[in-house]
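The values are calculated or read from the model by the stated rules, or taken from the named source; none is laboratory data. Everything numeric here is computed off the predicted structure, so don't read it as measured data. Here the Cβ positions follow ideal geometry from the backbone for every residue, glycine too, while neighbour counts run over all protein chains shown.
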Amino acid sequence: MTAQPKIEVRDLRLSYGTREVIHGISFDIGHNEIFGIIGPAQSGKTSLLRCINRTIEFSAATTVSGTVKVDGQSVQKVRNVYELRRKIGMVAPLPVGLPLSIYDNVAFAPRCAGMTAKSDLDGLVEKCLQQAALWDEVKDRLDSLGTKLSGGQQQRLTIARALSHQPEILCLDEFSIAIDPVTTMRIEDVLKELRKEMTIILVTNLTQQARRLADRTMFLWNGEIIELDINDVIFGDTPKDQRTYDYVMGVFG
Amino acid sequence: MFTETPFVRKKRRAELIAKCFFGGMAAAMVIPLILIVGYVVIQGAPSLSWDFLTTNPRLGGIRGGIWSALVGTIYIVAISLCVSAPIGVFSAVYLNEYAKDNWFTRIVNLAVVNLAGVPSIVHGLFGLGAFVYAAGMGKSILSASLTLSIMTLPVIIASTKEALSAVPISFREACWNVGATRWQTIRRIVLPNSISGILTGVILQVSRTAGETAPVMLTGVATFKAIESNGLFLYNPLTDQCMALSMHLYYIATQANNAAPSLPYAIATVLLGVVLVVNATAIGVRAYLRSRKKW
């Protein structure tokens, strides 16, 4: 009897119109795991994340088949999709500061979920901004606009917002694309802390980042899993597939 | 390093020509406005006075003021906007934020575009058939206002959709990702950031509503009707007919034989004044809301 995985994906297929971009992939992600996903552009990484929190539905003419289960429950059958999305924190590649104050950016999700007490919100906002390594830089100007922050700060604001609804799963889609290396390292340290509380899916173009952080890494290419294994194998000398070795070593891709 | 090659000279010349050309075109736009306004105001000046605005017309409109026409225009504009603004704005929100791309949405969008292209006299005929006769409202302020509402609706929908789609899609996605419903996204992010454009679009329809003659002529505007004792509220907006500035201008300019020559120009000046005041308000509101826009 194995423990139920946090996320179960079975034979997932996704088409945009008639073009199939994910060709029936299956994998599990365990509780409190950091799960790396690497692969070149157009390999279906972002689409996969959008299937998990069902924001794929906002794109026109998409067809999803197969199942994605979170905590054993199929996401396609979840009636309260907003509850599902609150369970999953999502950080997009390009930072999006909402046109609100820094405070309101972080308090947005809890407010949408019905939290109104100022004291609760204050505590939560501070906690999330600290986790995103942004608190010290903005604590004196929480009322200024989130959109006026620098790109790297906005990305950390996005991370704070993703944490603000206290998700059980955190999906980071190329989160470090707009952040300098030092801040990236600070956030990576934060992620190591956060894994005690949540499951983390780390989509990244930086293979070394997946190597540093993840327990297991999946190499996705053209909508298919080339290889999925623990990091020692994927980033070791003898991955099962030559393409994995080549990609990780920078021979192609 | 910075030598003047023939290519660079040519490029600079082309740049100068382009700038002058476009600037000249922009300046040319100002000329007709100045000529129209100037001509109308100068010609109308002899008839203009405070009494002209606030007294009823007499003798079929050729003597006295234009009070009842001014009040009628205000009534028609106000009622028609009260109908078309909410319907137009909310249906645009539906079309832009909720509607999926299916046959129903496409039909609605097609209808909006085509409705916007229907000539105003045809709207007038429709209003005559639908409101005056079929709905039994008779020739009344209400019929005229509703006819104008139908006429302005598609334009309000189009301008509102434009304003809504100017809000980046990434804002919406960020909201959906954290579990916000569509309505929460619209209320907290989309509407606050598009309200200036929406209001501008709505307010600009005021000038169209005030200026139309054909649709109101068929549906509820009389050539002559005084308000007793110059009061404001003697019109019954449901059943009465009224006068309107646009119709009054048309009538005096073409049908009345012995009116003072300055009278039509004076009416036109008042009509222009009403429109300019409303447009100035629109610009002010837009400037205020723009200054609060946050990205």
Query raised in the report: Among the residues of segment A:79-90 satisfying the criterion of being in contact with a Ser or Thr (Cβ under 8 Å, 6 or more places away or on another chain) and in a helix (DSSP H, G or I), which is surrounded by the most Cβ atoms within 10 Å (Cβ to Cβ)?
Result: A:R85
Query - Selected residue (criterion: modelled with the lowest pLDDT) from residues of segment A:141-160 that are within 27 Å of A:T199 (Cβ to Cβ) and out of contact with any strand residue (DSSP E or B) (no Cβ under 8 Å at 6 or more places or on another chain) - result: A:G152
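Residues checked against (1) more than 11 Å from every other protein chain (Cβ to nearest Cβ); (2) in contact with a helix residue (DSSP H, G or I) (Cβ under 7 Å, 6 or more places away or on another chain); (3) closer than 16 Å to B:A180 by Cβ:
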| position | (1), (2), (3) |
| --- | --- |
| A:P95 | no, yes, no |
| A:L98 | no, yes, yes |
| A:S101 | no, yes, no |
| A:A113 | no, yes, yes |
| A:T116 | yes, no, yes |
| A:D120 | yes, no, no |
| A:G123 | yes, no, no |
| A:L129 | yes, yes, no |
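Kindly establish whether A:T147 is within 14 Å of chain B (Cβ to nearest Cβ), in a helix (DSSP H, G or I) and under 30 Å from A:D71 (Cβ atoms).
So A:T147 fails the test.
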Report summary line: Looking across segment B:154-193 at residues that are at pLDDT 90 or above and of a type in the set (G, A, S), the single one that is surrounded by the fewest Cβ atoms within 10 Å (Cβ to Cβ) is B:A166
Query raised in the report: For segment B:80-121, which residues satisfy the criterion of being aliphatic (A, V, I, L, M) and either touching a Pro at 6+ places or on another chain (Cβ under 9 Å) or outside the structural domain of B:P154 (by TED's automatic domain parsing) (or both)?
Result: B:A111, B:V112, B:V113, B:L115, B:A116, B:V118, B:I121
